[in-house]
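Each remark here refers to the structure printed beneath this line.
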Amino acid sequence: MADNLNVLYVGPLRSDTPYILGDLTSADNAQFILPTHNNELWQAVTARLPNAESQVKKVGADAGNLPYYQYNLYEFNASQPASGLYRLYPGLVLLDSSKQPLHSIQDLLDEIEVHQVNVLIVDQPEIVWPLLQALESSPLLKQLHQLGLRVGVTPLYETVPETEVITDWYQQHGYELVKQEEEDPDLPLLRLTRHKLYQRWQDEVQHSAELAIHVKSATDKMEHYQNCLKESEAKSQQLQTQCEQQQQKVHDLQLQLDEQKALISQLQENLKKHQDLQVAVKKLHEALDNNFEEQKTYIQKTTNALGQHITRRTTR
(Lines give C-alpha, C1' and ligand atoms only; values in the text may rest on other atoms or scores of the structure.)
Protein backbone atom coordinates (compact mmCIF):
# COMPACT_ATOMS: atom_id res chain seq x y z
CA MET A 1 0.00 0.00 0.00
CA ALA A 2 1.15 3.54 -0.64
CA ASP A 3 2.81 5.43 2.22
CA ASN A 4 0.47 8.41 1.84
CA LEU A 5 -3.32 8.16 2.06
CA ASN A 6 -5.18 10.44 -0.34
CA VAL A 7 -8.93 10.08 0.09
CA LEU A 8 -11.80 11.05 -2.20
CA TYR A 9 -15.33 10.76 -0.80
CA VAL A 10 -18.28 11.13 -3.20
CA GLY A 11 -21.89 11.30 -2.04
CA PRO A 12 -24.03 12.64 0.77
CA LEU A 13 -22.85 12.68 4.37
CA ARG A 14 -24.76 10.12 6.42
CA SER A 15 -24.97 9.49 10.12
CA ASP A 16 -22.40 6.69 9.85
CA THR A 17 -19.93 8.69 7.71
CA PRO A 18 -17.70 9.84 10.62
CA TYR A 19 -17.52 6.24 11.85
CA ILE A 20 -16.61 4.99 8.36
CA LEU A 21 -13.74 7.47 8.22
CA GLY A 22 -12.35 6.34 11.57
CA ASP A 23 -9.53 4.25 10.09
CA LEU A 24 -8.52 7.06 7.68
CA THR A 25 -7.58 9.69 10.26
CA SER A 26 -3.94 9.52 9.12
CA ALA A 27 -4.90 10.62 5.59
CA ASP A 28 -2.61 13.28 4.15
CA ASN A 29 -5.33 14.61 1.87
CA ALA A 30 -9.10 14.18 2.00
CA GLN A 31 -11.41 15.59 -0.67
CA PHE A 32 -15.20 15.46 -0.34
CA ILE A 33 -17.64 15.98 -3.23
CA LEU A 34 -21.07 16.44 -1.67
CA PRO A 35 -24.47 16.97 -3.37
CA THR A 36 -25.53 19.21 -0.47
CA HIS A 37 -23.77 20.54 2.60
CA ASN A 38 -24.73 19.32 6.06
CA ASN A 39 -22.93 21.51 8.57
CA GLU A 40 -23.46 19.23 11.57
CA LEU A 41 -22.12 16.11 9.88
CA TRP A 42 -19.30 18.09 8.26
CA GLN A 43 -18.08 19.20 11.67
CA ALA A 44 -18.06 15.57 12.78
CA VAL A 45 -16.01 14.70 9.67
CA THR A 46 -13.43 17.46 10.17
CA ALA A 47 -13.10 16.44 13.81
CA ARG A 48 -11.61 13.20 12.47
CA LEU A 49 -9.97 14.66 9.34
CA PRO A 50 -8.87 18.23 10.15
CA ASN A 51 -7.39 18.76 6.67
CA ALA A 52 -10.58 17.65 4.84
CA GLU A 53 -11.83 19.90 2.02
CA SER A 54 -15.31 19.83 0.45
CA GLN A 55 -16.95 20.81 -2.84
CA VAL A 56 -20.70 20.90 -3.38
CA LYS A 57 -21.36 19.20 -6.72
CA LYS A 58 -24.17 17.00 -7.90
CA VAL A 59 -22.70 14.07 -9.81
CA GLY A 60 -24.37 11.80 -12.35
CA ALA A 61 -23.28 9.33 -14.99
CA ASP A 62 -23.40 12.14 -17.57
CA ALA A 63 -22.79 15.87 -17.40
CA GLY A 64 -25.34 18.48 -18.34
CA ASN A 65 -28.56 20.11 -17.26
CA LEU A 66 -30.43 16.93 -16.35
CA PRO A 67 -33.25 15.78 -14.03
CA TYR A 68 -32.18 15.45 -10.42
CA TYR A 69 -34.49 13.51 -8.07
CA GLN A 70 -34.97 14.91 -4.57
CA TYR A 71 -36.80 13.02 -1.83
CA ASN A 72 -38.07 13.71 1.64
CA LEU A 73 -34.93 11.90 2.90
CA TYR A 74 -32.12 14.02 1.45
CA GLU A 75 -29.47 11.27 1.62
CA PHE A 76 -31.41 9.42 -1.09
CA ASN A 77 -31.36 12.32 -3.57
CA ALA A 78 -29.90 11.02 -6.83
CA SER A 79 -29.34 11.51 -10.54
CA GLN A 80 -31.57 8.49 -11.24
CA PRO A 81 -35.17 7.82 -10.14
CA ALA A 82 -35.63 5.44 -7.22
CA SER A 83 -36.88 1.89 -7.75
CA GLY A 84 -36.05 -0.57 -4.95
CA LEU A 85 -35.82 2.27 -2.45
CA TYR A 86 -39.61 2.52 -2.38
CA ARG A 87 -39.86 -1.10 -1.20
CA LEU A 88 -37.18 -0.67 1.45
CA TYR A 89 -38.49 2.70 2.64
CA PRO A 90 -42.29 2.83 2.09
CA GLY A 91 -42.46 6.38 3.44
CA LEU A 92 -40.08 7.72 0.74
CA VAL A 93 -41.65 10.54 -1.28
CA LEU A 94 -40.33 12.26 -4.42
CA LEU A 95 -40.37 16.04 -3.89
CA ASP A 96 -38.80 17.34 -7.09
CA SER A 97 -37.27 16.09 -10.36
CA SER A 98 -36.46 19.37 -12.08
CA LYS A 99 -33.29 19.71 -14.14
CA GLN A 100 -30.11 20.78 -12.43
CA PRO A 101 -26.49 21.04 -13.57
CA LEU A 102 -24.75 17.71 -13.03
CA HIS A 103 -21.07 16.84 -13.15
CA SER A 104 -19.98 13.61 -14.84
CA ILE A 105 -17.98 10.52 -13.96
CA GLN A 106 -15.11 12.04 -15.95
CA ASP A 107 -14.99 14.89 -13.42
CA LEU A 108 -14.43 12.29 -10.70
CA LEU A 109 -11.63 10.69 -12.71
CA ASP A 110 -10.00 14.11 -13.02
CA GLU A 111 -10.24 14.55 -9.22
CA ILE A 112 -8.67 11.12 -8.72
CA GLU A 113 -5.79 12.01 -11.04
CA VAL A 114 -5.18 15.54 -9.71
CA HIS A 115 -5.14 14.54 -6.05
CA GLN A 116 -3.40 11.18 -6.64
CA VAL A 117 -6.25 9.45 -4.86
CA ASN A 118 -5.61 5.94 -3.58
CA VAL A 119 -8.66 5.60 -1.30
CA LEU A 120 -12.03 6.11 -3.03
CA ILE A 121 -15.36 6.02 -1.17
CA VAL A 122 -18.49 6.23 -3.30
CA ASP A 123 -21.49 6.75 -1.01
CA GLN A 124 -23.87 7.47 -3.89
CA PRO A 125 -25.31 4.11 -5.05
CA GLU A 126 -26.56 5.10 -8.52
CA ILE A 127 -23.09 6.16 -9.74
CA VAL A 128 -21.16 3.17 -8.32
CA TRP A 129 -21.52 0.99 -11.40
CA PRO A 130 -20.85 3.64 -14.10
CA LEU A 131 -17.82 4.80 -12.12
CA LEU A 132 -16.45 1.24 -11.88
CA GLN A 133 -16.99 0.79 -15.60
CA ALA A 134 -15.10 4.03 -16.30
CA LEU A 135 -12.24 2.99 -14.01
CA GLU A 136 -11.94 -0.38 -15.72
CA SER A 137 -10.60 1.27 -18.87
CA SER A 138 -8.55 3.90 -16.99
CA PRO A 139 -4.94 3.61 -15.81
CA LEU A 140 -6.08 5.33 -12.61
CA LEU A 141 -7.49 2.04 -11.33
CA LYS A 142 -3.95 0.85 -10.51
CA GLN A 143 -3.48 3.55 -7.88
CA LEU A 144 -6.73 2.81 -6.00
CA HIS A 145 -5.69 0.54 -3.14
CA GLN A 146 -8.94 0.90 -1.17
CA LEU A 147 -12.56 1.25 -2.27
CA GLY A 148 -15.73 1.93 -0.32
CA LEU A 149 -18.92 1.23 -2.30
CA ARG A 150 -22.45 1.97 -1.07
CA VAL A 151 -24.82 -0.64 -2.47
CA GLY A 152 -28.24 -2.01 -1.66
CA VAL A 153 -29.54 -5.46 -0.90
CA THR A 154 -31.72 -4.81 -3.95
CA PRO A 155 -31.16 -2.33 -6.83
CA LEU A 156 -32.10 1.00 -5.29
CA TYR A 157 -32.37 3.09 -8.46
CA GLU A 158 -33.19 2.53 -12.07
CA THR A 159 -30.20 1.36 -14.19
CA VAL A 160 -28.46 0.05 -11.03
CA PRO A 161 -27.37 -3.61 -11.41
CA GLU A 162 -27.69 -6.37 -8.83
CA THR A 163 -25.07 -6.41 -6.08
CA GLU A 164 -23.65 -9.65 -7.51
CA VAL A 165 -22.49 -7.66 -10.55
CA ILE A 166 -20.53 -5.33 -8.29
CA THR A 167 -19.12 -8.31 -6.37
CA ASP A 168 -17.94 -10.00 -9.59
CA TRP A 169 -16.30 -6.78 -10.72
CA TYR A 170 -14.23 -6.16 -7.61
CA GLN A 171 -13.17 -9.81 -7.35
CA GLN A 172 -12.04 -9.82 -10.97
CA HIS A 173 -9.98 -6.69 -10.34
CA GLY A 174 -8.11 -7.98 -7.33
CA TYR A 175 -10.11 -6.45 -4.47
CA GLU A 176 -11.08 -8.28 -1.29
CA LEU A 177 -13.98 -7.51 1.03
CA VAL A 178 -12.41 -6.63 4.39
CA LYS A 179 -15.46 -5.09 6.08
CA GLN A 180 -19.14 -4.49 5.42
CA GLU A 181 -20.45 -1.41 7.21
CA GLU A 182 -24.07 -2.16 8.12
CA GLU A 183 -25.51 0.60 10.25
CA ASP A 184 -28.40 0.16 7.84
CA PRO A 185 -28.44 -3.54 6.78
CA ASP A 186 -30.44 -2.65 3.65
CA LEU A 187 -27.79 -0.14 2.57
CA PRO A 188 -24.36 -1.60 3.36
CA LEU A 189 -21.03 0.01 2.48
CA LEU A 190 -18.54 -2.50 1.11
CA ARG A 191 -14.98 -1.81 2.29
CA LEU A 192 -12.52 -3.29 -0.17
CA THR A 193 -8.75 -3.47 -0.34
CA ARG A 194 -6.52 -4.47 -3.24
CA HIS A 195 -4.80 -7.83 -2.70
CA LYS A 196 -1.10 -7.19 -2.20
CA LEU A 197 -0.17 -9.74 -4.88
CA TYR A 198 -2.70 -8.51 -7.42
CA GLN A 199 -0.38 -6.06 -9.15
CA ARG A 200 2.34 -8.68 -9.37
CA TRP A 201 -0.20 -11.07 -10.84
CA GLN A 202 -1.32 -8.36 -13.29
CA ASP A 203 2.28 -7.73 -14.26
CA GLU A 204 2.76 -11.45 -14.83
CA VAL A 205 -0.40 -11.58 -16.92
CA GLN A 206 0.83 -8.61 -18.95
CA HIS A 207 4.26 -10.19 -19.27
CA SER A 208 2.70 -13.48 -20.35
CA ALA A 209 0.56 -11.67 -22.90
CA GLU A 210 3.63 -9.88 -24.26
CA LEU A 211 5.54 -13.17 -24.37
CA ALA A 212 2.61 -14.77 -26.19
CA ILE A 213 2.75 -11.96 -28.76
CA HIS A 214 6.52 -12.43 -29.18
CA VAL A 215 6.10 -16.22 -29.44
CA LYS A 216 3.33 -15.75 -32.02
CA SER A 217 5.53 -13.34 -33.97
CA ALA A 218 8.52 -15.69 -33.77
CA THR A 219 6.32 -18.64 -34.77
CA ASP A 220 4.95 -16.72 -37.74
CA LYS A 221 8.47 -15.78 -38.81
CA MET A 222 9.64 -19.38 -38.38
CA GLU A 223 6.73 -20.64 -40.48
CA HIS A 224 7.53 -18.00 -43.08
CA TYR A 225 11.19 -19.06 -43.16
CA GLN A 226 10.17 -22.72 -43.32
CA ASN A 227 7.90 -21.98 -46.27
CA CYS A 228 10.71 -20.03 -47.93
CA LEU A 229 13.06 -22.94 -47.26
CA LYS A 230 10.57 -25.40 -48.76
CA GLU A 231 10.18 -23.16 -51.80
CA SER A 232 13.99 -22.90 -52.10
CA GLU A 233 14.35 -26.66 -51.75
CA ALA A 234 11.65 -27.17 -54.38
CA LYS A 235 13.40 -24.71 -56.71
CA SER A 236 16.74 -26.35 -55.94
CA GLN A 237 15.27 -29.76 -56.71
CA GLN A 238 13.78 -28.38 -59.92
CA LEU A 239 17.13 -26.86 -60.88
CA GLN A 240 18.87 -30.12 -59.96
CA THR A 241 16.47 -32.02 -62.20
CA GLN A 242 16.98 -29.52 -64.99
CA CYS A 243 20.75 -29.75 -64.50
CA GLU A 244 20.64 -33.54 -64.69
CA GLN A 245 18.49 -33.30 -67.81
CA GLN A 246 20.98 -30.87 -69.36
CA GLN A 247 23.85 -33.14 -68.40
CA GLN A 248 22.04 -36.05 -70.07
CA LYS A 249 21.52 -33.93 -73.17
CA VAL A 250 25.21 -33.00 -73.18
CA HIS A 251 26.09 -36.69 -72.81
CA ASP A 252 23.77 -37.63 -75.67
CA LEU A 253 25.17 -34.85 -77.83
CA GLN A 254 28.69 -35.99 -76.99
CA LEU A 255 27.79 -39.51 -78.11
CA GLN A 256 26.34 -38.12 -81.30
CA LEU A 257 29.47 -36.01 -81.81
CA ASP A 258 31.68 -39.04 -81.25
CA GLU A 259 29.58 -41.01 -83.76
CA GLN A 260 29.91 -38.19 -86.27
CA LYS A 261 33.65 -38.02 -85.68
CA ALA A 262 33.92 -41.78 -86.20
CA LEU A 263 31.83 -41.53 -89.38
CA ILE A 264 33.95 -38.66 -90.67
CA SER A 265 37.07 -40.64 -89.85
CA GLN A 266 35.69 -43.67 -91.74
CA LEU A 267 34.68 -41.50 -94.66
CA GLN A 268 38.11 -39.91 -94.70
CA GLU A 269 39.67 -43.36 -94.66
CA ASN A 270 37.38 -44.54 -97.46
CA LEU A 271 38.18 -41.37 -99.41
CA LYS A 272 41.90 -42.02 -99.06
CA LYS A 273 41.42 -45.61 -100.20
CA HIS A 274 39.41 -44.36 -103.15
CA GLN A 275 42.04 -41.80 -103.95
CA ASP A 276 44.75 -44.49 -103.77
CA LEU A 277 42.65 -46.72 -106.01
CA GLN A 278 42.27 -43.88 -108.48
CA VAL A 279 46.03 -43.40 -108.51
CA ALA A 280 46.52 -47.16 -109.04
CA VAL A 281 43.94 -47.26 -111.83
CA LYS A 282 45.60 -44.26 -113.47
CA LYS A 283 48.98 -45.94 -113.28
CA LEU A 284 47.42 -49.11 -114.68
CA HIS A 285 45.91 -47.14 -117.51
CA GLU A 286 49.28 -45.50 -118.18
CA ALA A 287 50.98 -48.89 -118.09
CA LEU A 288 48.43 -50.34 -120.47
CA ASP A 289 48.79 -47.35 -122.73
CA ASN A 290 52.58 -47.74 -122.75
CA ASN A 291 52.28 -51.48 -123.39
CA PHE A 292 49.80 -50.88 -126.12
CA GLU A 293 52.17 -48.43 -127.85
CA GLU A 294 54.99 -50.86 -127.49
CA GLN A 295 52.86 -53.64 -128.97
CA LYS A 296 51.71 -51.33 -131.67
CA THR A 297 55.29 -50.35 -132.52
CA TYR A 298 56.36 -53.99 -132.46
CA ILE A 299 53.52 -55.05 -134.68
CA GLN A 300 54.29 -52.18 -137.01
CA LYS A 301 57.92 -53.18 -137.21
CA THR A 302 57.00 -56.79 -137.68
CA THR A 303 54.56 -55.92 -140.40
CA ASN A 304 57.06 -53.76 -142.14
CA ALA A 305 59.67 -56.43 -141.95
CA LEU A 306 57.30 -59.04 -143.28
CA GLY A 307 56.29 -56.75 -146.05
CA GLN A 308 59.84 -56.21 -147.06
CA HIS A 309 60.54 -59.94 -147.03
CA ILE A 310 57.60 -60.65 -149.20
CA THR A 311 58.60 -57.97 -151.63
CA ARG A 312 62.10 -59.36 -152.00
CA ARG A 313 60.87 -62.80 -152.75
CA THR A 314 58.51 -61.57 -155.33
CA THR A 315 61.17 -59.75 -157.19
CA ARG A 316 63.27 -62.78 -157.46
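The values are calculated or read from the model by the stated rules, or taken from the named source; none is laboratory data. Computed from a prediction, not measured in an experiment: that's the story for all the values here. Positions of Cβ are generated from backbone atoms using ideal geometry, with glycine treated the same way; all protein chains shown enter the neighbour counts. The protein model used for the area step is the full one, side chains on, heavy atoms only, and it has no ligands, DNA or RNA in it. Shrake-Rupley method; radii C 1.70, N 1.55, O 1.52, S 1.80 Å.
Table for the structure above
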| quantity | calculated |
| --- | --- |
| Residue order for Tyr9, Tyr89 - accessible surface, 1.4 angstrom probe, largest first | Tyr89, Tyr9 |
| Share of carbon and sulfur in the accessible heavy-atom surface of region 165-295 [1.4 Å probe, %] | 55 percent |
| Förster-model FRET efficiency, 51 Å R0, Tyr86 and Lys230, C-beta, rounded to 0.05 | 0.10 |
| Degrees, to the nearest 10: 163-172 long Cα axis against longest axis of the chain | 50 degrees |
| Whichever lysines have a C-alpha closer than 27 Å to that of Lys296, once near sequence neighbours (fewer than 8 apart) are set aside | Lys282, Lys283 |
| Cut-off under 5 Å, modelled amide H: who pairs with Leu102 long-range | Gly64, Asn65, Leu66 |
| Förster radius 30 Å - calculated FRET efficiency between Ser138 and Gln43 (Cβ-Cβ, nearest 0.05) | 0.30 |
| Pairwise label distance in nanometres, Val215 with Ser15, each label 7 Å out on the Cα-Cβ vector | 5.8 nm |
| Helix-only CD estimate at 222 nm, as mean residue ellipticity for the chain, using -39500 (n - 2.57) per DSSP H run (n ≥ 4) | -18500 deg cm²/dmol |
| Antiparallel DSSP beta bridges within region 1-114, as percent of all bridges there, nearest 5 | 40 percent |
| Amide H contacts of Ser15 (H built 1.01 Å from N, under 5 Å, at least 5 apart or other chain) | none |
| When each of Lys58/Lys142; Lys142/Lys196; Lys196/Lys216 is checked by Cα-Cα distance, pairs over 20 Å | Lys58/Lys142; Lys196/Lys216 |
| Probe 1.4 Å, accessible area per residue of the chain, Å² | 63 Å² |
| Region 51-63 - phi-based ³J(HN,Hα) in whole Hz, Karplus 6.51/-1.76/1.60, Gly and Pro as x | 8, 5, 10, 10, 10, 9, 9, 8, 10, x, 4, 10, 8 |
| Degrees, to the nearest 10: 198-315 long Cα axis against longest axis of the chain | 10 degrees |
| Within straight-line cross-link reach of Lys301, aspartates and glutamates at Cα separation under 17 Å, skipping those fewer than 8 residues along the same chain | Glu293 |
| Ranked order, Trp129, Trp42 - accessible area, probe 1.4 Å, largest first | Trp129, Trp42 |
| Considering only the chain, percent of DSSP beta bridges that pair antiparallel, nearest 5 | 50 percent |
| Among Leu73, Leu144, Leu13, residue whose mean-square fluctuation peaks in a GNM of the chain (springs only between Cα atoms under 10 Å) | Leu73 |
| Estimated Rh, the chain: Kirkwood, alpha-carbon pairs, angstrom | 28.7 Å |
| Virtual spin-label span in nm between Leu253 and His285, 7 Å along Cα→Cβ | 4.6 nm |
